[in-house]
Every structure is written in C-alpha cells, then in structure tokens.
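Step one of this worksheet: look at the structure below.
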Amino acid sequence: MTEPVIRPMRRHDTDAVVAVSLAADTLFARAGLELPPDDPHEMLDHVEHVSVAEVDGSVVGLAATITLDGATHLEQLAVDPEHGRRGIGGALLERVCAEAAAHGHRRVTLTTFRDLPWNGPWYERRGFVTLARTEWGPGLVHQWEIEEQAGILVRPRVAMWRDPSRPRGAPALPI
C-alpha cells in the first residue's frame, strides 16, 4: 500500500470527506449500533481544522478538530472502511497530536464509544486514557450534552485525553 499523505483539507475535498465520513459510519451499523442520521456537512461547518489522508490521489480518511477548554478536541476521526486497518487512522491521530503540541495545547480530548474495538480500546492503545468527569471543562461538558441530545449516547461512552507531546506508547501523566 502507498503511504498516506496527511495534509490540510482543501475546499475541493468536501465531497470526498463527506463520502468518507458516511462510509465510516457504516461500521457502526455493522456492529449493530444504530446512530442518528448524520450530515457531515454540519460537522464541517463548525470544526476549526480538518486534515485528510490521501492515498493514490484519493481522500480516504479525515481528522476534524475544534478547541475546547484550551485543548484540541478530536471531533471526528474517520477512515473509509475499504482502507481500514492500514495505519491511516493512526497517522491522522498522530498528526492531530503533533499539531496540538505545536499550538501549545497540553491535551487532546475526544469522546468515543468505550467498548467498540475501533473506538475506546483503539485510542487506549495509542496512549489515551479515560478523563474523569470531574476533570472535564465546560466546553467538554457542553460537547457531551450536544452528543447526548443528538442520540449518540446509545452505548457506553467515555471522554478520553492524551498529552500530545508524549510519544504514543508513553504512559499518561496526571492532569
């Protein structure tokens, strides 16, 4: 496989990014998890930055971020299932962490399904740890409430964090 090129999203990537997001959502349906209808355009309208993974000239993955509570928050990480399990998601995640560190952010946060193998356990293998609710800032609390109102919290979920300056396998430090 050709190594993915990770780069900022360009305006002409919109249709491909939407297609990747919708394709990635099919993994949840295959796992028996019915999520509310999703319009990736809405996500693109409110995120601050989107990186894409391109393989052989085609966009096959995305990582979308916003800033919450002074931290980089991973709003969405998605890889087209036809290109899954090839390190593309990991490459996107590491780019997010590198960019967060470059901006002086001491945390990358996210919310995810706790038990789905490509969610909570996948992030744990990449150095993320569960963030206790008492450590959530008001932005993360609000994000959780938005997801809850949208019906996303239909299965056990967690908020997680990682120090973006620490190598992938390094143990997390206390907040």
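The values are calculated or read from the model by the stated rules, or taken from the named source; none is laboratory data. Being a predicted model, the structure only gives us computed values, none of them experimental. All Cβ positions, glycine included, derive from the backbone under ideal geometry; neighbour counts span all protein chains shown. What goes into the accessible areas is simple: the full protein's heavy atoms, side chains included, and nothing from ligands, DNA or RNA. Shrake-Rupley method; radii C 1.70, N 1.55, O 1.52, S 1.80 Å.
Can you confirm whether segment 66-76 contains a residue that is surrounded by 20 or more Cβ atoms within 10 Å (Cβ to Cβ), polar (S, T, N, Q), under 19 Å from Arg166 (Cβ atoms) and touching a residue at least 40 places away in the same chain (Cβ under 8 Å)?
Looking for residues that are surrounded by 20 or more Cβ atoms within 10 Å (Cβ to Cβ), polar (S, T, N, Q), under 19 Å from Arg166 (Cβ atoms) and touching a residue at least 40 places away in the same chain (Cβ under 8 Å), one finds at least one in segment 66-76, hence yes.
Of everything in segment 26-37 that's of a type outside the set (A, V, I, L, M, F, W, C) and open to solvent by 60 Å² or more (accessible area, probe 1.4 Å), which residue is nearest to Val79 (Cα to Cα)?
Of the residues in segment 26-37, the ones of a type outside the set (A, V, I, L, M, F, W, C) are 26, 30, 32, 34, 36-37.
From what's left, open to solvent by 60 Å² or more (accessible area, probe 1.4 Å): 30, 32, 34, 37.
Values: Arg30: 15, Gly32: 19, Glu34: 19, Pro37: 18 Å.
In this case the residue turns out to be Arg30.
Have a look at Pro4, Pro40 and point out the one that is of a type outside the set (Lys, Arg), farther than 30 Å from Pro138 by Cβ and open to solvent by less than 40 Å² (accessible area, probe 1.4 Å). Quick ask: steps written out before the conclusion?
Working: Pro40 fails: farther than 30 Å from Pro138 by Cβ.
Among Pro4, Pro40, only Pro4 is of a type outside the set (Lys, Arg), farther than 30 Å from Pro138 by Cβ and open to solvent by less than 40 Å² (accessible area, probe 1.4 Å).
List pairs: first residue in segment 43-55 and more than 15 Å from Leu77 (Cβ to Cβ), second residue open to solvent by 20 Å² or more (accessible area, probe 1.4 Å) and in a helix (DSSP H, G or I) anywhere in the structure, Cβ distance under 8 angstrom, at least six positions apart or on different chains.
Every condition considered, the pairs that remain are Val55/His83.
Please verify whether Trp118 is aromatic (Phe, Trp, Tyr), surrounded by fewer than 21 Cβ atoms within 10 Å (Cβ to Cβ), modelled with pLDDT under 95 and closer than 25 Å to Leu33 by Cβ, treating the condition exactly as stated. Give the derivation first.
On the way: aromatic (Phe, Trp, Tyr): yes; surrounded by fewer than 21 Cβ atoms within 10 Å (Cβ to Cβ): yes; modelled with pLDDT under 95: yes; closer than 25 Å to Leu33 by Cβ: yes.
For Trp118, the condition - aromatic (Phe, Trp, Tyr), surrounded by fewer than 21 Cβ atoms within 10 Å (Cβ to Cβ), modelled with pLDDT under 95 and closer than 25 Å to Leu33 by Cβ - is met.
Exactly one of (1) aliphatic (A, V, I, L, M); (2) in contact with a Leu (Cβ under 9 Å, 6 or more places away or on another chain); (3) more than 20 Å from Thr112 (Cβ to Cβ); (4) assigned to a strand (DSSP E or B) is unmet by Val18. Its number?
(4)
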